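Some notes on the structure that comes next.
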Amino acid sequence: MTMQERLQKLIARAGLASRRQAEEWIRQGRVTVNNKVAHIGQSADLRHDQIRVNGVPLKKEEQKVSLLLNKPRGYVCSLNDPQGRALVTELVKDIPERLFPIGRLDYNSEGLILLTNDGDLSHALTHPGKEVEKTYLVKARGQLTITIADQMRSGIELDDGMTQPARIEHVRSAGSNCWFEVVLKEGKNRQIRRMCEHFGLIVVRLKRIKVGFLTLDGVRPGTYRLLQPAEIARLKRTH
């Protein structure tokens, strides 16, 4: 199946010129398709045809790739790190496209993170008006009392403002530690760790287990799976 488009549209999308300017280049004979001088009204398919402008090949549009990674501890969610620590992008080196993480999981946290080169998807999930729920499994030293859990549910004052109400679920204790799940609709820097520190709880382990409807099912630590088109469409509709 071919996807023929007018040459001036392809040239404009590549950011080289406006459509009107591209048409002028075509009239001047500065555009070729498969080594033949192009003509006004001609269409082509960038996946199969070689288009040159002033002898320089027009680059193919980068394929959109979005994936779900199960991040282990000890990786940084950025494209570079001044301290030279390992980057999450090193776990997807077999993907030729340049991907960037949506949101952050700090160095000592683990679990579900999305990587993409789809700006529309990133915007849909990070825009302040889009309240996408994120679920975390927390292990902490100390005891999460009913009073503390209720205050977390209501919102607490941190140094960068009040937290939004959180859901605290499945609380259980094991010796000097407690386990519980936190569901947030916001993402302040190191928010869960700071919420716990506010009450004298020290986070020992923090794992994001869900983003919206996405889970880690079938994705082992350090591995990933590509998102399906239907999942991407659903995420872009998320409110």
Residue tally, condition in contact with a strand residue (DSSP E or B) (Cβ under 7 Å, 6 or more places away or on another chain) and either farther than 20 Å from residue 209 by Cα or touching a residue at least 24 places away in the same chain (Cβ under 8 Å) (or both), over the stretch 142-155: 6
Filter result for residue 129 (within 17 Å of the chain's Cα centre (by Cα), loosely packed, with under 13 Cβ neighbours inside 10 Å and farther than 26 Å from residue 91 by Cα): yes
Wholly enclosed strands (runs of 3 or more DSSP E) of the stretch 5-116 bearing at least 3 residues over 18 Å from the mean Cα position of the chain (by Cα): 31-33, 51-53
Those residues of the stretch 162-176 which are without any contact (Cβ under 8 Å) to a residue 24 or more places away in the chain and over 19 Å from residue 133 (Cα atoms), in sequence order: 172, 174, 175
Residue that is modelled with the lowest pLDDT, among those in the stretch 59-104 that are in contact with an Asp or Glu (Cβ under 9 Å, 6 or more places away or on another chain) and aliphatic (A, V, I, L, M): 65
Among residues of the stretch 41-70, those that are loosely packed, with under 12 Cβ neighbours inside 10 Å and aliphatic (A, V, I, L, M), counted: 1
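The values are calculated or read from the model by the stated rules, or taken from the named source; none is laboratory data. Not measured: the values here are computed from a predicted model. Neighbour counts run over all protein chains shown; Cβ positions are idealised from the backbone, glycine included.
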